[in-house]
């Protein structure tokens, strides 16, 4: 029986494994660490564990903590160098806080610092999956953050909302709870007259995306409603529910669960594990633009043939992830290419019978096989 309401988050049979994401502004206030608030959340985590639920924490706050210690302006986000330095200092304090408070309940905390590449590369993604599984089996609570001390502007998540969703995919979680500075998703900016919170969302549609605001009320975090909807898209690929709730209250999870205050994103389907990983990727190596006939064939479940490709963009190797776009520039699918970029460009528009003379060997059955492809309709429910 799937999760259908917020109270189901406290049911171990429906939600055996939870990921809880905590934003920077919840952990760090003007006076420093909000220790009493964190202690209350840790008590809730301990209660969930006693109910038989596994819990993974995705915790922001390292940059904010380190910036305060080092006296850096703009919360440590004035430059990449400042952010990296602040993270290196703050992460020690952050992990120590979680370890001490969880330890007070007899729970072992385990720190994991991840980069974008750890979850974008298939082998490293599976390593993360194995490590998370072993830690949970051993009774630990993994506390995860992006490795901001080495992440660059070009290769990073940039917000822990999407990181939490990717971690949930890797861990096979039941639900992700994003604790933020707002009660949930509103049908318009919450400051506008008549704004209404939406309790349940079935699939992230274009209409739902139009409701998002890039603003964060705190000004401290790096995400906004846009990043939270992107996280919901990533989660739904793996059939994982996602909740947006307000963490500014004491015992915030209880307020969400028993008070029913939050937005629950319910996925309508579930892609296979490999396709969920592929569809949730944030960085692709290239693009294949296709004609209308190929676009229609892809929607019917066909593989992508060279005949239907009109242009190739980017530098990529065989096996690299690429986006497949229609003639209007809209993303149709993500897939793993059977050829490198130069080979793809050489056989654009050619029938299979004409490809051997160009390639110098018998062509493969397709440029992107349907088994190595996830359609946009699976990535975002219309």
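Any read-out appearing in this document is the output of simple, stated calculations on the displayed coordinates, not a laboratory observation. Keep in mind that this is a model prediction, so the values were computed, not measured. Positions of Cβ are backbone-derived with ideal geometry, glycine not excepted, and every protein chain shown enters the neighbour counts.
For region 226-295, what value does the Rg/Rh ratio take when both radii are computed over Cα atoms and Rh is the Kirkwood radius, given to two decimals?
Value, to two decimals: 1.15.
Let me make sure I get this right: for region 6-277, a, b and c are the square roots of the gyration tensor eigenvalues over alpha carbons, sorted descending. Under 1.5 in a/c it's rounded, otherwise prolate if a/b > b/c, else oblate. Which is it?
rounded
I need the peptides 86-96, 308-318 ranked by packing, meaning the mean over residues of other C-beta atoms within 10 angstrom, with the highest value on top.
86-96, 308-318
With everything on Cα atoms, drop me the angle between helix 80-103 and the longest principal axis of the chain, reported from 0 to 90° to the nearest 10.
With both axes taken from Cα atoms, the answer is about 60 degrees.
Take the Cα atoms of region 126-181, build their convex hull, and give its volume per residue in Å³.
Hull volume normalised by residue count: 111 Å³.
Of the listed peptides 16-23, 364-371, what is their order by residue-averaged count of other C-beta atoms within 10 Å, with the highest listed first?
Sorting 16-23, 364-371 by mean packing, highest first, produces 16-23, 364-371.
For a protection proxy built on the mean count of beta-carbon atoms within 10 angstrom, sort 233-239, 97-103 highest first, please.
233-239, 97-103
For a quick check, take a GNM of the chain with Cα springs below 10 Å and name the residue from 40, 32, 269 with the largest mean-square fluctuation.
32
Considering only 83, 138, 294, give the residue with the highest GNM mean-square fluctuation for the chain, with springs between Cα atoms whenever their separation is below 10 Å.
Most flexible of the set in this elastic network: 138.
Need one word for region 84-165: rounded, prolate or oblate. Basis is the Cα gyration tensor (sqrt eigenvalues a ≥ b ≥ c); a/c below 1.5 gives rounded, then a/b vs b/c decides.
oblate
For the Cα atoms of the chain, what angle does the longest principal axis make with the long axis of helix 225-237, in degrees from 0 to 90, nearest 10?
Orientation of helix 225-237: about 60 degrees from the principal axis.
Quick check on the chain: of the DSSP beta bridges with both residues there, what percent are antiparallel, nearest 5%?
40 percent
Binning every alpha carbon pair distance of region 284-379 at 5 Å from zero, what are the percents per bin?
3, 16, 30, 27, 18, 6, 1, 0
State the Kirkwood hydrodynamic radius of region 1-124 in Å, one decimal place, computed from all pairs of distinct Cα atoms.
16.1 Å
Give the relative contact order (percent, whole number) for the chain; include only Cα pairs under 8 Å separated by 6+ residues.
Reported relative contact order: 15 percent.
Does anyone have the angle between helix 122-137 and the longest principal axis of the chain? Alpha-carbon axes, 0 to 90°, nearest 10?
30 degrees
Among 105, 334, 351, what is the fewest-to-most ranking by other Cβ atoms within 10 Å?
Exposure proxy ranking, most exposed first: 351, 105, 334.
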